[in-house]
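What follows is calculated from the coordinates using simple rules that are stated; it is not laboratory data. Computed from a predicted structure; not experimentally measured. Neighbour counts run over all protein chains shown; Cβ positions are idealised from the backbone, glycine included.
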Amino acid sequence: MKQVNQVGVDVDSEELVSMMQRGGQRLPLARFANTAAGHKKFIRWATKGARSARVCLEATGIYSLEFALALHHAKNVEVMVVNPRAMKDFGRASMQRAKTDAVDAGVIVDYLQRMPFTAWQPPASEILELQAINRRIVQLHTELTREKNRLHASEFARTSADAIAHDIEVNIHHLERRLERMHQSGLQLVRGVPALATKLAHLVSTKGIAEASAMRLLAELLVLPDDLAAPQWVAHAGLDPRPYESGTSVDRPRRISKVGNRHLRAALYMPALVAIQHDPNVKAFYNKLVTAGKKPMQAVVAVMRKLLHAIWGMLKHDEDFDGNKFFKMANKNA
């Protein structure tokens, strides 16, 4: 019986830093691009010699999902996706003090060898389809904005022909019709799955979150592992504050990391602005931060972060938005 290759992978936005344990031998570190082509190369490397492979990686959202899906569908490959907090605790328990690519990949291999193997189950097909629909909607909105800007510019360009403006207008109407069709496709998908319809209803109970924003949020959040806590959602969105200390610049204010899902950050921005305007509790929290000396944009980001915490609670506890809870949470944690 052939032995199973055991592989730990440290995943980031560009690379798959991989370490393999084959029998009693740990092979040299290998690196692959975090692209579709890189995923195929990794699978060939991990199963070389017609061996089976067990692969372990951390849940890193957009960076790990496509890779995990490729592994899930590959022949002779099993994949386990681990909560980053569990992996961090395991590394501490193993007395790992250094932090390098090789060390991180090695810790993941050790975790794979010592902990019970739990095969990863991908998100339901309707969740992946909803994500694809909503990301397509974002692309179409981008194109629509560009065309509207071109139309505005053409009105001030003396050399522009009427035919150009007409063509732009035609394309604008075409894009608007396509956007509406995609929006309706997304709604039909959500309403056809009772669990999704319930989650959508909880989100739209929030002042500032309409159907379009709710679908975008669900599409990005429901692909995440069920055991992630609210702070991990925040880190996944890149809304976690990080200190900036370099040379004499030790007192600079913290900024959000932006190391995460830009689609999720974008989906939270407008709901936060609208909630600040129309929900008295959210507005009170925002005003409190501004009065305390925060810049308006810093306060908006804080609202986004709190709103994501609130959404986590709404989906976890199957309840509608409660502005009083939001304000009380703010007072307690601010």
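Brief remarks on what is shown
- Pairwise FRET efficiency - Q121 versus E319, Cβ, R0 = 25 Å, nearest 0.05: 0.45
- Label-zone membership for region 1-45, site T100, 7 angstrom Cα→C-beta point, backbone N under 12 Å: 29
- Neighbour net charge for E15 - beta-carbon separation under 13 angstrom, K R +1, D E -1: -3
- Directionally averaged shadow of the chain, computed from the convex hull of its alpha-carbon atoms, nm²: 23.3
- According to the calculation over all Cα-Cα pairs in region 64-169, the P(r) per 10 Å bin from zero is 11, 25, 18, 15, 12, 12, 6, 0 %.
- Share of pairwise Cα separations in region 105-147, more than 14 Å, in percent: 69
- Stretching the chain fully between K328 and V290 yields a gain of 11.9 nm (0.36 nm per residue, less the alpha carbon separation).
- Distance between the pseudo-spin-label points of N83 and D162 (7 Å out from Cα toward the beta carbon): 6.7 nm.
- The fraction of Cα-Cα pairs per 5 angstrom bin, counted from 0 for region 1-89, comes to 3, 15, 28, 28, 17, 8, 2, 0 percent, rounded to whole percents.
- Note on region 35-165: Lys pairs 8 or more places apart or on different chains, Cα atoms under 27 Å apart, count 6.
- Straightening the chain between E169 and A132 buys 10.6 nm, computed as 0.36 nm per residue apart minus the Cα-Cα spacing.
- When you work out D = kT/(6 pi eta Rh) for region 140-245 at 10 °C and 1.306 mPa s, using the Kirkwood radius from C-alpha pairs as Rh and the Stokes-Einstein form, the result is 92 µm²/s.
- Residue-averaged 222 nm ellipticity for the chain, from DSSP H runs of 4+ at -39500 (n - 2.57), nearest 500: -19500 deg cm²/dmol
- F117 sits among other residues whose Cβ lies under 11 Å from its own Cβ, and their net charge, with Lys and Arg +1 and Asp and Glu -1, is +1.
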